[in-house]
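S.K.: Before anything else, here's the structure in question.
The values are calculated or read from the model by the stated rules, or taken from the named source; none is laboratory data. Just so it is clear, the structure is predicted and the values come from calculations on it, not from any experiment. Counting neighbours? That spans all protein chains shown, and the Cβs are built from the backbone with ideal geometry, glycine included. Only protein heavy atoms, including side chains, enter the accessible area calculation; ligands, DNA and RNA are left aside. Shrake-Rupley method; radii C 1.70, N 1.55, O 1.52, S 1.80 Å.
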Amino acid sequence: MADHLASDSADAAELAQFGYKQSLERHTGKFASFAVAFAFVSIATGIFTTYGSVLNSSGPVGIWTWPIAVVGQLAVAFVLGALASRIPVTGYYYQWMSRLANPVLGWIVGWISFAFLAINVVAVDYTIASTILPVLLNYESTANIAWAVTAGVVFVQFLLVALSTPWAERVNNGFVTLELIGIVALIVLLAIVSAVRGGMNVDNLFSKGAVAVEGFWHFGDLTSAGPWMLGFLLGAFTIVGFESAANLAEETHDPERVVPRSMVQAVVASGVLGFLFLAAVTVAAGDPIVLAQSGTPIADVIHSTLGSATATLLLLFVVLAIFACGLVIMITGVRLIWAMSRDERFPGWQQWNQISPRFHTPLKAALLYLVLAETILAVFSHSETALYTLFSAATLLPAVLYAAAVVLYLAKRKSLPQNGKFDIGRWEIPILVVSVVWLVFELSLFRDSSFAQAWAYVAVTLAVGAAYLGYLLVTRGRDGLTMPTMTSIDAELGAGAEKG
């Protein structure tokens, strides 16, 4: 306890250098920080949601895109970890870009982050209602049932986030532990049972399924990506959100050291377990052409291979994992609204910058997030096409944010001070090369015409943000958007450059 008190005092002093007083309670430790990053990634959510799409676009062989995507995202995690270690302040992308580039660009990136977090909780929680519960409870889902279930899940998550951060973390820690146990159990049981029953088909790992062989490996043209290339969306959709740990920096003990390591560990754990799970499901899948026609392929494989009782228990673990994912997304979104409101940058900031004296949480910011999420759900819930747009945008926006952060690091890397707690060191150039190549390739995938509506969503959200940014610039002027104690970080960077 004494060590934590001393550490928290040092962390509060560090925060004061950025112009903020300690207003959130520091109680997030190493495992809780890792659990936040791992829960947001949530391999159970990503794989259950997108495996069917990969079967149809790329065939079972599409799972081999996963290791490549993991390497690319791991390189990005190292870069973002370096930024998180240098600026351990709630608001992550918004703070990094505002202080190292300029506040106007920081606001734009912060708004894009908000747009991503606002829709992502709906996209994730809808997975429970549409993909898992119908199989788990043996009922036929309808649009109204899926809407009602998703709305209820979002509300329960809101209660946890708004009323008690410690309890929200306890729930997340417990559910992440169960997800780790459940995924490992699924991998082992699927492999053993399918082998014993003679249902293991290793050839599935290299099968294209019903996808045409001609043009399979082509990169595509200006408006479409080739079948193999579309398989990368499996990893691109799943291995995201690990940087959410950075948005709890002001609540984490020794965040300069703990947060970046949590991010990297989450990507490594998700990458290894995710691929083993994909391989186990694929070899136990039976006929991949028939499976591709199912709306719930993962659940079907588990049920047919392991039987109803075991499948029910393991699918329950998956529901809890997806719930944890949505919970962490909400925590992250609420913190971002609060952080931007603290700097008087978010519409209606006078309400959202408050910390509840009773619950010690950004209660009003959580209420706003709840209303936004439920509104988005109500608007999109009765259209499968519209919901697909949400899923697509939830894949596209992180890639845009990662690209912005890597470009920022490239521009400022020589002036970033070393703190001895998380430094890329001699691996900096190889890591940057891998991250740039990966992000250029990933962004090129979104030229596919299936993402047209997702780009439209991005355009609309940017237009709304641009309108409010214009209002801020007109009423305050550019100088009115400077960050608190902006000179302190400038001085620190200058001192770091002189030492170098």
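S.K.: Would you please list the contacts, defined by Cβ atoms under 6 Å and residues six or more apart or on different chains, that run from a residue in region 288-300 that is under 10 Å from Val135 (Cα atoms) to a residue that is of a type in the set (A, V, I, L, M)?
M.R.: Listed pairs, sorted by first residue: Thr296/Val135; Ala299/Val135.
S.K.: Which ones in region 162-197 are at pLDDT below 90, under 21 Å from Val334 (Cα atoms) and buried (at least 16 other Cβ atoms within 10 Å of the Cβ)?
M.R.: Across region 162-197, the qualifying residue is only Thr165.
S.K.: Also: Just checking, how many residues over region 383-407 are more than 18 Å from Ser244 (Cβ to Cβ), buried (at least 22 other Cβ atoms within 10 Å of the Cβ) and modelled with pLDDT of 90 or more?
M.R.: 0
S.K.: Now for a separate question. List the pairs whose first member sits in region 103-119 and is among the polar types (S, T, N, Q), whose second member is buried (at least 21 other Cβ atoms within 10 Å of the Cβ) and not in a helix (DSSP H, G or I), and whose Cβ atoms are under 9 Å apart, counting only residues at least 6 apart or on separate chains?
M.R.: From region 103-119, the pairs are Ser113/Gly91.
S.K.: Further question on the same structure: Could you list all residues from region 4-29 that are open to solvent by 10 Å² or more (accessible area, probe 1.4 Å) and either of a type in the set (Phe, Trp, Tyr) or under 19 Å from the mean Cα position of the chain (by Cα) (or both)?
M.R.: Residue satisfying the conditions is Tyr20 alone.
S.K.: Same structure, new question: What are the residues in region 53-85 that are over 19 Å from Ser270 (Cα atoms) and touching a helix residue (DSSP H, G or I) at 6+ places or on another chain (Cβ under 8 Å), if any?
M.R.: Those that are over 19 Å from Ser270 (Cα atoms) and touching a helix residue (DSSP H, G or I) at 6+ places or on another chain (Cβ under 8 Å): Ser53, Leu55, Ser57, Ser58, Gly59, Pro60, Val61, Ala82, Leu83, Ala84, Ser85.
S.K.: Write out, first by first residue and then by second, each pair whose Cβ atoms fall under 6 Å of each other, whose residues are 6+ apart or on separate chains, and whose first residue, in region 172-194, is closer than 29 Å to Gly29 by Cβ and part of a helix (DSSP H, G or I) while the second is modelled with pLDDT of 90 or more and among the aromatic types (Phe, Trp, Tyr).
M.R.: Taking only residues 6 or more apart or on different chains, the pairs are Val176/Phe38; Ile183/Phe277; Ile187/Phe277.
S.K.: Follow-up question, since we're still on this one. Which residue pairs have Cβ atoms under 8 Å apart, sit 6 or more places apart or on different chains, and have a first residue in region 466-482 that is surrounded by 12 or more Cβ atoms within 10 Å (Cβ to Cβ) and a second that is not in a helix (DSSP H, G or I)?
M.R.: Close Cβ pairs satisfying both conditions: Tyr468/Pro347; Leu472/Arg345; Leu481/Arg345.
S.K.: Considering region 51-93 alone, what residues qualify as being aromatic (Phe, Trp, Tyr) and modelled with pLDDT under 95? Before the answer, list the steps.
M.R.: Taking region 51-93 first, the residues aromatic (Phe, Trp, Tyr) are 51, 64, 66, 78, 92-93.
Within region 51-93, Tyr51, Tyr92, Tyr93 meet the criteria.
S.K.: Within region 220-240, track down each residue that is assigned to a loop (DSSP other than H, G, I, E, B), of a type outside the set (A, V, I, L, M) and either free of Cβ contacts under 8 Å to residues at least 40 places away in the same chain or surrounded by 13 or more Cβ atoms within 10 Å (Cβ to Cβ) (or both). Even if it seems obvious, please write down each step before you answer.
M.R.: Quick first cut of region 220-240, residues assigned to a loop (DSSP other than H, G, I, E, B) only: 222-223, 226, 231-232, 239-240.
This time we only want the ones that are of a type outside the set (A, V, I, L, M), so: 223, 226, 231-232.
Once the filter is applied, which keeps residues that are assigned to a loop (DSSP other than H, G, I, E, B), of a type outside the set (A, V, I, L, M) and either free of Cβ contacts under 8 Å to residues at least 40 places away in the same chain or surrounded by 13 or more Cβ atoms within 10 Å (Cβ to Cβ) (or both), region 220-240 yields Gly226, Gly231, Phe232.
S.K.: Any chance region 87-108 includes a residue that's open to solvent by 10 Å² or more (accessible area, probe 1.4 Å), touching a helix residue (DSSP H, G or I) at 6+ places or on another chain (Cβ under 9 Å) and farther than 30 Å from Trp352 by Cβ?
M.R.: no
S.K.: Of everything in region 421-443 that's in a helix (DSSP H, G or I) and in contact with a Gly (Cβ under 9 Å, 6 or more places away or on another chain), which residue is surrounded by the fewest Cβ atoms within 10 Å (Cβ to Cβ)?
M.R.: The selected residue is Val437.
S.K.: How about region 450-461: which of its residues are open to solvent by 60 Å² or more (accessible area, probe 1.4 Å) and under 20 Å from the mean Cα position of the chain (by Cα)?
M.R.: Trp455
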